[in-house]
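Asker: Please see the structure below; I have some questions.
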């Protein structure tokens, strides 16, 4: 029974852990939203880097045709180009999976129908966009 009793400055109330937990939850969701925006920019930069690093005529079709033509001779430039393309595609796939997983986590957090969590996602997306998208100008 806590009726009529007040907490002294040195004592903690029963609602303090709840508020701390909520504040940490909002902070984590906010940081996830910032990370989501960062991953989007990282994905764009990776695609740009892949297009710049591959020769102009080295589309996926050209690589496949060149491999068929040089099946008897193991030419290093074609295999290096193909390996670079495969590694770049693998990196893009892993980044895409991370982006989808974080997106679903944020969706589940918003579906808790908690106003503070929702505001954390919105604010995190805004802060992430503000912080990360200027890096696209360096692409």
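Asker: For residue 102, are the conditions met, namely being closer than 12 Å to residue 33 by Cβ and either surrounded by 12 or more Cβ atoms within 10 Å (Cβ to Cβ) or free of Cβ contacts under 8 Å to residues at least 60 places away in the same chain (or both)?
Answerer: Answer is yes for this residue.
Asker: Could you tell me whether any residue of the stretch 19-35 is touching a helix residue (DSSP H, G or I) at 6+ places or on another chain (Cβ under 6 Å), modelled with pLDDT under 85 and in a helix (DSSP H, G or I)?
Answerer: no
Asker: Checking residue 122 against (1) over 16 Å from the mean Cα position of the chain (by Cα); (2) modelled with pLDDT of 95 or more, which test does it fail?
Answerer: The one condition residue 122 does not meet is (1).
Asker: Looking at (1) surrounded by 11 or more Cβ atoms within 10 Å (Cβ to Cβ); (2) at pLDDT 95 or above, which one does residue 107 not meet, given that it meets all the others?
Answerer: Failing condition for residue 107: (1).
Asker: Name the one entry in 112, 125 that is within 29 Å of residue 26 (Cα to Cα), without any contact (Cβ under 8 Å) to a residue 12 or more places away in the chain and touching a helix residue (DSSP H, G or I) at 6+ places or on another chain (Cβ under 9 Å). Spell out the reasoning first.
Answerer: On the way: 125 fails: without any contact (Cβ under 8 Å) to a residue 12 or more places away in the chain.
Only one candidate qualifies: 112.
Asker: Hey, can you tell me all the residues within the stretch 36-90 that are surrounded by 14 or more Cβ atoms within 10 Å (Cβ to Cβ), at pLDDT below 80 and under 30 Å from residue 125 (Cβ atoms)?
Answerer: Answer for the stretch 36-90, where residues must be surrounded by 14 or more Cβ atoms within 10 Å (Cβ to Cβ), at pLDDT below 80 and under 30 Å from residue 125 (Cβ atoms): just 50.
The values are calculated or read from the model by the stated rules, or taken from the named source; none is laboratory data. Everything numeric here is computed off the predicted structure, so don't read it as measured data. Quick reminder, even Gly has a Cβ in these numbers, built from the backbone with ideal geometry, and neighbours come from all protein chains shown.
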